[in-house]
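Worksheet: the structure to be examined is printed underneath.
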Amino acid sequence: MIPEAMLEFNNVSLTYNGEATPTIDNLSFSIKRGEFVCLIGPSGCGKSTIFRLVNKLLKPQCGEIYADGQSISDHKNYCGYMPQNDLLFPWRTVADNVRLPLEIKGGLSKSEMDDRVNEVLKNVGLENWGQKSPSELSGGMRQRAAFARTLLTGCDLLLLDEPFSALDYLTRLSLREWLLDQWERDKKTILFITHDVDEAVFLSNRVFVAEHYPIDSLTSVDIPAAYPRSLKSLSEPGIADIKERLIGMLRKETA
Ligand code: ADP
């Protein structure tokens, strides 16, 4: 076990029921506390399977997964998960959607929950939208509400599965900047799945590339650009070279 790791896979393998070959094969990697890591790879290579293993929707046939230094098999409430689709309940107001993790966890009075919800809605720029229905929000606002709900799990490790992929280009650009602000403020550890190399390079300290199927390793590529980042930092020569290298790695896989 690596002491400073927030998430660690130790020789983890997963074969889906009825399948002859594994999807994850003896995989080891680790992510440090406070890192922002993007995971890229072609569709169907096993990225979401890694998330399903972390949040215990799947159990590996062998190996061990640690979150914050503890095996996840006897660990609860260690990660918040935000899917591609915001999954806001249409019959609940925005505030009541965001409140859900607090209700599930229990232990807080109604007014304590209201305070936490109001605070997080303010942080994500939705302080005047709590009493609206999710259908009254734009796509970008819905994703911010879904992110607020993920934050209220209280977990330091966040798994974000292509959260911006259904949004239009300009909304994606502004949500990327917004997410980095949130990350710098809250000091969470984020593992983020994306297909988009620009998005991965803009957001990450490191990019993990799933280069092989089954996934038996993740190639780690550092992004040596300071935060806060701007679109301009993506076009600096060193970063542009890294982008090209990442695209080359993905092309090799899909060829
Ligand atoms: P990605 O997130 O990279 O697009 P997934 O992790 O969703 O890929 O899926 C990886 C592989 O596992 C795919 O080939 C997919 O068809 C297969 N797979 C996913 N879920 C199941 C399942 N429940 N049973 C069998 N195979 C599955």
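Brief remarks follow.
- A Cα-only calculation for the stretch 1-68 places Rg and Dmax at 12.2, 38 Å.
- Mean accessible surface per residue for the chain, computed with a 1.4 Å probe while every protein chain stays in place, in Å²: 48
- Gyration tensor (alpha-carbon) shape descriptor, the chain, a/c threshold 1.5: oblate
- The stretch 156-171 and the stretch 58-136 have Cα centres separated by 16 Å.
- Amide N proximity, the stretch 11-39 versus M1 label position 7 Å along Cα-to-Cβ, cut-off under 20 Å: 11-13, 27-35
- Sulfur and carbon atoms: percent of accessible area, the stretch 1-69 [1.4 Å]: 47
- Relative contact order [Cα under 8 Å, 6+ residues apart], the stretch 189-241, whole percent: 29
- DSSP-loop GluC sites (Glu not before Pro) across the stretch 192-248, with at most 12 other Cβ within 10 angstrom: none
- Gyration tensor verdict on the stretch 22-143 (Cα atoms; rounded if a/c is under 1.5, prolate if a/b is larger than b/c, oblate otherwise): prolate
- Considering helices alone, the calculated mean residue ellipticity of the chain at 222 nm is -11000 deg cm²/dmol, with DSSP H runs of length four and up weighted by -39500 (n - 2.57) and normalised per residue.
- In this structure, I104 and Q131 have a Cβ-Cβ separation that, at R0 = 25 Å, corresponds to a calculated FRET efficiency of about 0.70.
- Of K187/K232; K56/K122; K132/K187; K105/K188; K32/K110; K122/K188, pairs whose Cα-Cα distance is over 26 Å: K56/K122; K132/K187; K32/K110
- Each Cα pair under 8 Å and six or more residues apart adds its separation to the average, and for the stretch 94-135 the resulting relative contact order is 57 percent.
- Note: relative contact order over the stretch 1-94, using C-alpha pairs below 8 Å and six or more positions apart, is 32 percent.
- Most tightly packed first, judged by the mean number of other beta-carbon atoms within 10 Å of their residues, the peptides 16-29, 114-127, 92-105 read 92-105, 114-127, 16-29.
- Atom-type composition of the exposed protein surface of the stretch 131-255 places 53 percent of the accessible area on carbon and sulfur (1.4 angstrom probe).
- Kirkwood estimate for the stretch 197-255, i.e. one over the average of 1/r between Cα atoms, Å: 12.0
The values are calculated or read from the model by the stated rules, or taken from the named source; none is laboratory data. Predicted, not measured: the structure shown is a model, and the values here were computed from it. A quick note on method: Cβ atoms are made from the backbone with ideal geometry, for glycine too, and the neighbour counts reach across all protein chains shown. Please note that ligands, DNA and RNA were not included when accessible areas were found on the heavy atoms of the full protein model with its side chains. Shrake-Rupley method; radii C 1.70, N 1.55, O 1.52, S 1.80 Å.
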